[in-house]
Structures are given as C-alpha cells and as structure tokens.
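Taken together, the values in this text are just the output of simple stated rules run on the coordinates, not laboratory data. None of these values were measured; they are calculated from a predicted model. Cβ atoms come from the backbone with ideal geometry, glycine included; neighbour counts cover every protein chain shown.
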Amino acid sequence: MPALDEAFDEFMKRRESVSLDYINGNSATLIGISTAHDPATFFPPSGDLIEGAVAVNASNEKGAILFREGSTGGFEVLQSWSEGNLGFWTGLQRAKIRMAGQDREVPMSLRVTEVFRREEGEWKLVHRHADILKSSP
C-alpha cells in the first residue's frame, strides 16, 4: 500500500513495476492504481477507444490474460511532470513479452502517454494512450 501523498517521482518507480506485473499476466496491481471513477479513457494499440473506469479496468483485466510469466520490460521516460493533483509521463515502453500460444519472446515497443490524478491522496491512472512505435531510434 503506497503512502498517502506519495511523491510523483516515487509513484513513477512503482508504476514501472506495475507494468512489469501486467506483462507477466497479472492485472491486479494495474487495477489497484487505476481510477474507479469517471472520467477515464484508454486508447490501446489496437486503435480502439475505451471510455469509463469500469470499461477501462475490464479491458485491462482481459488484456493481461494474453501475457505469460517471463516477460521483461521497462519505461524510457521522455517527459514527466506533476503539480497539485495532476501528473503525466510520456515516452517509450519497451518489452520482451511472452504471449499465450507462442513459444518465444516477442519484442514490443510502444509510444505511451499516461495521465494521473490524485484521489484521496493516491495517484490514479485516468488516461493511457499506447501505440506501436514504428521504428526504434
């Protein structure tokens, strides 16, 4: 359980760990840092638009099922900022993922923007936009 009023840079370290849980098939920690209150949005790599906290969290639960243990990854933060009850980061999420039905790791590089708001002293994910990076720098 995070400390109330956790500094945003400390939260971002935890956010990266939550991402690792997710790509290993566990959505629980992502749901734990995600808002349960509208508005909430998710623009996944599929190109869909998912609106509403219930729908976003359901999508994340469903998505985690596709990943298997043994995946590795991390963030390359290009920008990060917070003030008051709002924060964001934007950058790259790179991973070697194990997917259901595949015997080998698959490389994945995403362009990511996430927005957070503080709710009752805790940072909560309220928007995620992730799409495939077309070329790796």
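Tabulated values for the structure
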quantity	calculated
Relative contact order (%) - the chain, alpha-carbon pairs under 8 angstrom, separation at least six	26
Positive dipole terminus of the stretch 8-132, leading residue within Ala130, Ala28, Ser109 (C-beta point charges)	Ser109
Ranking of Asp131, Asp21, Asp103 by count of other Cβ atoms within 10 Å, fewest first	Asp103, Asp131, Asp21
Neighbour-count ranking [beta-carbon atoms within 10 angstrom, fewest first] of Ile50, Ile23, Ile65	Ile65, Ile50, Ile23
Over the chain: helical MRE at 222 nm, DSSP H runs n ≥ 4 each giving -39500 (n - 2.57), nearest 500	-7500 deg cm²/dmol
Degrees separating the helix 8-22 axis from the principal Cα axis of the chain, which is the longest one	30
Helix axis angle, 53-64 relative to the chain longest principal axis, alpha carbon, degrees	30
Qualifying trypsin sites (Lys or Arg not before Pro) in the stretch 45-120, DSSP loop, other Cβ atoms within 10 Å at most 11	Arg104
Most mobile of Ala95, Ala55, Ala64 in a GNM of the chain (Cα contacts under 10 Å)	Ala55
The stretch 1-59, dipole about Cα centre (Lys/Arg Cβ +1, Asp/Glu Cβ -1), debye to the nearest 20	160
Cα-centred dipole magnitude for the stretch 71-137, charges only on beta-carbon of K, R (+1) and D, E (-1), debye, nearest 20	260
His37, His129 arranged by Cβ crowding within 10 Å, fewest neighbours leading	His37, His129
Principal axis box of the chain, alpha-carbon based, largest edge first, Å	44, 32, 28
